[in-house]
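Participant: Dumping the structure here so I can ask a few things about it.
The values are calculated or read from the model by the stated rules, or taken from the named source; none is laboratory data. The structure presented is a predicted model; accordingly, all values stated were derived computationally and were not measured. Positions of Cβ are backbone-derived with ideal geometry, glycine not excepted, and every protein chain shown enters the neighbour counts. Calculation scope for accessible area: heavy atoms of the full protein, side chains included, ligands and nucleic acids excluded. Shrake-Rupley method; radii C 1.70, N 1.55, O 1.52, S 1.80 Å.
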Amino acid sequence: KRLILIGPPGSGKGTQSPIIKEEYCLCHLATGDMLRAAVAAKTPLGVKAKEAMEKGELVSDDLVVGIIDEAIKRPSCQKGFILDGFPRTVVQAEKVLDDMLAKQGTKIDKVLNFAIDDAILEERITGRWIHPSTGRTYHSKFAPPKVPGLDDVTGEPLIQRKDDTAAVLKSRLEAFHRQTEPVIDYYSKKGAVVNLHAEKPPKEVTTEVQKTLL
Ligand code: AP5
Ligand code: ZN
């Protein structure tokens, strides 16, 4: 299966991805995670991406294209993949991804649209805690770790993302509505979009995803 997960910040893409990945043996390609790793490692890509990310703006298309092109060709991704956070502009969808897949003789099977009201997202974003090395995600209220501030599996400290503030969320939402919503229209015209009720509790969202992928 070749899936795209699309939705605003905090809509649950990163929460559902590991579950879908395990169940269907897919690889999980999250451009946000890859970019954060590049920023942390201070690679040339990370140095270029840092400022836009901290402001909650999209990184330029050409920076993202390089990482996704390399990732999609990995042997582990040949059986299928989950794209989380990509494509985020119509250029990324039409000119980059669809071209890349056409060359491989494949195409996207489904686009899961994590539909949710903006008003719910601030609480989700400001309460999020992450285990940096695995990307495991918690929420202080909705999915608390067993010991506050520590990862359930490793006991290592959890961190908050630098862009997870109410102020930066505003720019991220603006970027979503202006640049990413048109991507949903683009795939709707191809009949590939399935709308999820992303405001429901995580388990119910998982059930919706599973029904979609039957
Ligand atoms: P990225 O990392 O992709 O961030 P995002 O799109 O803003 O999405 P989030 O990771 O914030 O949300 P999520 O849907 O994964 O939420 P989660 O499941 O964790 O991108 C970051 C930046 O990188 C961008 O701003 C941009 O600068 C750059 N970038 C990345 N890709 C790019 C691209 N293709 N082009 C250009 N620039 C790019 O859930 C959030 C919280 O809510 C968690 O605490 C979770 O526990 C909780 N939660 C989840 N589901 C539920 C539920 N159903 N009920 C209650 N709580 C829930
Ligand atoms: Zn995410």
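Participant: Which of the residues spanning segment 1-19 are crowded, with 22+ Cβ neighbours inside 10 Å and more than 10 Å from ligand 1 (Cβ to nearest atom)?
Facilitator: 3, 4
Participant: Right, residue 205: exposed (fewer than 12 other Cβ atoms within 10 Å of the Cβ) and touching a residue at least 12 places away in the same chain (Cβ under 8 Å) or not? Walk me through it before giving the result.
Facilitator: On the way: exposed (fewer than 12 other Cβ atoms within 10 Å of the Cβ): no; touching a residue at least 12 places away in the same chain (Cβ under 8 Å): yes.
Taking the combined requirement at face value, the residue does not satisfy it.
Participant: Given the conditions (1) over 21 Å from residue 177 (Cα atoms); (2) aliphatic (A, V, I, L, M); (3) open to solvent by 30 Å² or more (accessible area, probe 1.4 Å), which single one is not true for residue 26?
Facilitator: Going through the list (1) over 21 Å from residue 177 (Cα atoms); (2) aliphatic (A, V, I, L, M); (3) open to solvent by 30 Å² or more (accessible area, probe 1.4 Å), residue 26 breaks only (3).
Participant: Test of understanding: among 41, 37, which residue is more than 20 Å from residue 180 (Cβ to Cβ), within 16 Å of ligand 2 (Cβ to nearest atom) and without any contact (Cβ under 8 Å) to a residue 12 or more places away in the chain?
Facilitator: Numbers: 41 fails: within 16 Å of ligand 2 (Cβ to nearest atom).
Answer to the selection: 37.
Participant: What tally of residues in segment 102-135 results from selecting those that are among the charged types (D, E, K, R), within 28 Å of residue 77 (Cα to Cα) and either without any contact (Cβ under 8 Å) to a residue 60 or more places away in the chain or not in a loop (DSSP other than H, G, I, E, B) (or both)?
Facilitator: The first filter runs over segment 102-135 and keeps only residues among the charged types (D, E, K, R), leaving 103, 107, 109-110, 117-118, 122-124, 128.
Adding the requirement that they be within 28 Å of residue 77 (Cα to Cα) leaves 103, 107, 109-110.
Okay, now just the ones that are also either without any contact (Cβ under 8 Å) to a residue 60 or more places away in the chain or not in a loop (DSSP other than H, G, I, E, B) (or both), so 103, 110.
So the answer is 2.
Participant: Only one residue in 39, 91, 59 is open to solvent by 10 Å² or more (accessible area, probe 1.4 Å), under 27 Å from residue 195 (Cα atoms), of a type in the set (A, V, I, L, M, F, W, C) and part of a helix (DSSP H, G or I), so which one is that?
Facilitator: On the way: 39 fails: under 27 Å from residue 195 (Cα atoms); 59 fails: part of a helix (DSSP H, G or I).
Testing whether each residue is open to solvent by 10 Å² or more (accessible area, probe 1.4 Å), under 27 Å from residue 195 (Cα atoms), of a type in the set (A, V, I, L, M, F, W, C) and part of a helix (DSSP H, G or I) leaves just 91.
Participant: Still on this structure: So residue 47 clears everything in (1) touching a residue at least 60 places away in the same chain (Cβ under 8 Å); (2) open to solvent by 30 Å² or more (accessible area, probe 1.4 Å) except one condition, right? Which one?
Facilitator: Failing condition for residue 47: (1).
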